[in-house]
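*Asks:* Could you have a look at this structure, given as structure tokens, before my questions?
We did not get these values from a lab; they are worked out from the coordinates using the rules stated. No experiment lies behind these values; they were computed from the predicted model shown. All Cβ positions, glycine included, derive from the backbone under ideal geometry; neighbour counts span all protein chains shown.
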Amino acid sequence: DYQMKNRVTPSLGLALSIPIYQNRQIKTNVTKAQIEVKNAELSAQYARSLLRKEIEQAYVDVVTAEESFAASKEEYEATLEAYHVAEEKYTEGLLSSIDFLIQKTKFITSESNLLQAKYSLIFSQKTLEYYSESKLSL
């Protein structure tokens, strides 16, 4: 009688959800995550390879710059001696002014090459020092 007056009828329901499609979505997400992890690993490996290549190139640059500096130093010393000889000959009147100026130009060029090789060596050394994580100093 109470239910008829208030028009309330009790009911009981049961719902059942079977996640068939959701299971496929989870597998897809897991596969995507595995692919992203592999991509990240490959990117890290590529970055390490690039860094190794740059370090090896920096080392080769130092070796080349050292050899170039040594050669430039020998050339400078030879042209310096030749310049002094040409200067004496010019002073004694045994060498024309044109020949003396040619020798002086060779000397100045070799001096310039020596300075360029020196600073190239310093730059190469500092680059390699940077990659070896040493403290930079001038």
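*Asks:* To the nearest 0.05, how large is the calculated FRET efficiency for K118 and S97 if R₀ is 30 Å and r is the Cβ-Cβ distance?
*Replies:* Result of the calculation: an efficiency of 0.45.
*Asks:* Related question: Using the reciprocal of the averaged 1/r over all distinct C-alpha pairs, how large is the Kirkwood radius of the range 18-138 in Å? Working shown, then result.
*Replies:* Values: mean 1/r = 0.0510 Å⁻¹.
Its Kirkwood hydrodynamic radius stands at 19.6 Å.
*Asks:* Related question: Please state, rounded to one decimal and in Å, the Kirkwood hydrodynamic radius that the range 37-96 gives when every pair of distinct Cα atoms enters the mean of 1/r. Could the numbers behind the result be given before it?
*Replies:* Working: mean 1/r = 0.0636 Å⁻¹.
After inverting the pairwise mean of 1/r, the radius is 15.7 Å.
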